[in-house]
Amino acid sequence: MGLADTFQEIVDSLPDDWTDLELDLRISDESRYVDAAVYLAICNARPYSRHDWHWRLLVAHSFGHAAAAPAVHAALHLLDEAGIEGEMAVREVRSGRVEVTQMWGRPHSVREEFARRRAQ
């Protein structure tokens, strides 16, 4: 199973209200590190230095300061197409958070509706 398929399996196993996900990625052949880094620039992967894992991938479901799940999937699919193999480990999953936005001057019913829609 490729990295993109593994990622999709992870995302499909998450609850509907997941908000963000942290994954660690390690490639099998370290001589392909630079090639992999080019593809992973799409999803803004954070490289580790002097660590057993190579990159930390931050994934956002519908809002937040992380890469969108489709962008991460696309980057991992490019790694699969390039023949770069590796493994992933889920480090943290957060769920049930709601986007915070300026609601000054709006009625309470609007705030509740906004929170309800974002929590889905």
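Read-outs: derived from the displayed coordinates by stated rules, not from any lab. As the structure is a computational prediction, the values presented were derived from the model and not from experiment. Virtual Cβ from ideal backbone geometry, glycine too; neighbours counted across all protein chains shown.
Quick look at the values:
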quantity: Any hit, the range 8-25, residues being over 30 Å from Arg116 (Cα atoms), touching a residue at least 40 places away in the same chain (Cβ under 8 Å) and touching a Gly at 6+ places or on another chain (Cβ under 9 Å); calculated: yes
quantity: Every residue from the range 95-114 that is out of contact with any Pro (no Cβ under 6 Å at 6 or more places or on another chain), surrounded by 14 or more Cβ atoms within 10 Å (Cβ to Cβ) and either aliphatic (A, V, I, L, M) or in a strand (DSSP E or B) (or both); calculated: Val98
quantity: Any chance Gly64 is closer than 30 Å to Ala115 by Cβ and not hydrophobic (A, V, I, L, M, F, W, C); calculated: yes
quantity: Residues satisfying the stated conditions in the range 64-86, i.e. outside any helix (DSSP H, G or I) and within 11 Å of the chain's Cα centre (by Cα); calculated: Gly64, His65, Ala66, Ala67, Ala68
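Residues are listed down the side, and each one gets a yes or a no for (1) of a type in the set (Lys, Arg); (2) crowded, with 18+ Cβ neighbours inside 10 Å; (3) part of a loop (DSSP other than H, G, I, E, B):
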{"site": "Asp5", "(1), (2), (3)": "no, no, no"}
{"site": "Ile42", "(1), (2), (3)": "no, no, no"}
{"site": "Asp52", "(1), (2), (3)": "no, no, yes"}
{"site": "Leu57", "(1), (2), (3)": "no, yes, no"}
